[in-house]
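The values are calculated or read from the model by the stated rules, or taken from the named source; none is laboratory data. None of these values were measured; they are calculated from a predicted model. We place every Cβ from the backbone using ideal geometry, glycine too, and count neighbours over all the protein chains shown. Note: accessible area is taken over every heavy atom of the protein model, side chains too, but ligands, DNA and RNA are not part of it. Shrake-Rupley method; radii C 1.70, N 1.55, O 1.52, S 1.80 Å.
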Amino acid sequence: MIKKILLASLLISGLVSTPVSAKEELNTPDNLSKEDKLYGLSLFWKEASHNFAFFDQVPNLNFDNTYREFIPKVLATETTYEYYRELMKFNALLQDGHTNIYLPKGLSSKYVDWPALNITEANHQAVVTKVARELQAEIPLGSTIITIEGVSLETYLQTNIMPYIASSTEHILWRNAVRKSLHGIPDSKVNFTIKTPLGELKNISLKRNTRHTKTDKASLKLPSSNGKLFEFKWLENEVAYISLNAFHDENILQNFNSAYEDIKKSKALIIDLRFNGGGNSSIAAEILSHFTDKDLEGSIWKTKKYIAAYKVWGNYSDKYKEYAQDNAWEYGPMELLKAKVSNNHIVPTYVLIGRSTASAAEDFLIYADKLNHFTTIGEKTYGSTGQPIFFDLPGGGSFRICAKRDTYPDGREFVGYGISPNISIKRLPKHLILKEDIVLNKAIQNLKYELKVQI
């Protein structure tokens, strides 16, 4: 009876499997063997136990006991998708954005869809920022979702969405949960209540059928990278704007170097890192080296250290006690950033940061922390970086474990918290409706004051 009630609840929220006809189209097995299921769970538990760098940030998690609790759960799953959902739930308990379960290719498209609208989080509210044009009269842009399936937005997210999301920080957990708030079984219906910008409450019921349907959407004009790796443009009065939208592609160095002679003509500079999800920290350091007149220290890293004999000896000798307690670490600094002293550009600089500023982009900010001519502005960063190690899972999926943790050179933590800007601009639902970039405008306004010129 309990199982039937649980299944009914999951059907309402759209989180169980699709009909058999859809399953049969998958290249992965419909349901893995019990041996494969147990092996996948055990492999994740083993590698996380040895390599995960942030157990101290989840002090209430007894990882071994939780592993044992998940054994019957994964063995009871009836589809590969349900199996991976259980692994995602186990993984999410580690609360780390660089420790993740990845579904087999093509699995998500068979089991997950959403209605023809996009939702963006602002101040723990879910704002409609894109909607199919034929629905815009019913669901105006800027509307907020109040309830889903008869319960409050917060309750629904905490019950049905958040338990499956791996996140180091609360603000990213909310961001990702709101994005997925209307996800569920393809062609199933989702019922929710909205509050329009004029204050009207409306009950809405929509089919989750967007993934395979071409839909013309109206959208709010939100700041974005517009798909560009690098952008350089002039603002008024010799203020240069550059956006660095990724550090994974070395082409950004070519783009930057091509624009650098023009950038050096500026009286002030705005560097936009809001949409930079990271990549190669060396690329970040190479660009930053042009904007400093002194060498810069990067983050300090540490990784777990395991020596089997020391673990044994630690039971008898204080010299090796940390090994017996699984608390031995190898330490090291990130490579020193060498300033381009003969070819640098030192002017008042504002760095725009936000929730999508992550990983190597956060390493950029750690390097820049002591630059007096730099001012950060915007929202807290993603709050997750490190060196993940990857493993394959049965059924074609994979997982990664964050095996290295980074701090500021002085030991301050930022993973699990995010890097706070010097000037914080809290995102509110009304900001998403405005047809302006409030973070960029605030940076321009402050530079105008600093430079005493009309920008």
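One table, with the values for the structure above:
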{"quantity": "Strands (runs of 3 or more DSSP E) fully within the stretch 345-397 counting 1 or more residues that are touching a residue at least 12 places away in the same chain (Cβ under 8 Å), over 18 Å from the mean Cα position of the chain (by Cα) and under 26 Å from Pro333 (Cα atoms)", "calculated": "349-353, 374-378"}
{"quantity": "Hits in the stretch 407-420 - residues which are surrounded by fewer than 16 Cβ atoms within 10 Å (Cβ to Cβ) and in contact (Cβ under 8 Å) with a residue 12 or more places away in the chain", "calculated": "Thr407, Gly411, Ser420"}
{"quantity": "Matching option when the condition is under 24 Å from Ala177 (Cβ atoms), modelled with pLDDT under 95 and not acidic (Asp, Glu), among Lys110, Lys73", "calculated": "Lys110"}
{"quantity": "Selected residue (only one of Gly332, Gly383 is surrounded by 21 or more Cβ atoms within 10 Å (Cβ to Cβ) and over 15 Å from Leu296 (Cα atoms))", "calculated": "Gly383"}
{"quantity": "Residue in the stretch 387-398 that is open to solvent by 60 Å² or more (accessible area, probe 1.4 Å), within 19 Å of Ser224 (Cβ to Cβ) and either in contact with a helix residue (DSSP H, G or I) (Cβ under 6 Å, 6 or more places away or on another chain) or of a type in the set (S, T, N, Q) (or both) present", "calculated": "no"}
{"quantity": "Per-region count, the stretch 299-344, residues farther than 20 Å from Cys402 by Cβ and touching a residue at least 60 places away in the same chain (Cβ under 8 Å)", "calculated": "0"}
{"quantity": "Of the criteria (1) farther than 30 Å from Ala259 by Cβ; (2) modelled with pLDDT of 95 or more; (3) surrounded by 14 or more Cβ atoms within 10 Å (Cβ to Cβ), which one Val347 fails", "calculated": "(1)"}
{"quantity": "Filtered residue count, the stretch 257-282, keeping only those that are open to solvent by less than 40 Å² (accessible area, probe 1.4 Å), under 23 Å from Gly378 (Cα atoms) and not in a strand (DSSP E or B)", "calculated": "7"}
{"quantity": "Some residue of the stretch 350-360 being over 30 Å from Leu428 (Cα atoms) and either in contact with a helix residue (DSSP H, G or I) (Cβ under 9 Å, 6 or more places away or on another chain) or open to solvent by 20 Å² or more (accessible area, probe 1.4 Å) (or both)", "calculated": "no"}
{"quantity": "Subset tally (residues that are part of a loop (DSSP other than H, G, I, E, B), in contact (Cβ under 8 Å) with a residue 24 or more places away in the chain and exposed (fewer than 15 other Cβ atoms within 10 Å of the Cβ)) for the stretch 421-450", "calculated": "4"}
{"quantity": "Selection from the stretch 96-116 of residues that are open to solvent by less than 10 Å² (accessible area, probe 1.4 Å) and of a type in the set (A, V, I, L, M, F, W, C)", "calculated": "Leu107"}
{"quantity": "The lone exception for Asp318 - which of (1) open to solvent by less than 20 Å² (accessible area, probe 1.4 Å); (2) farther than 30 Å from Tyr260 by Cβ; (3) modelled with pLDDT of 95 or more it fails", "calculated": "(1)"}
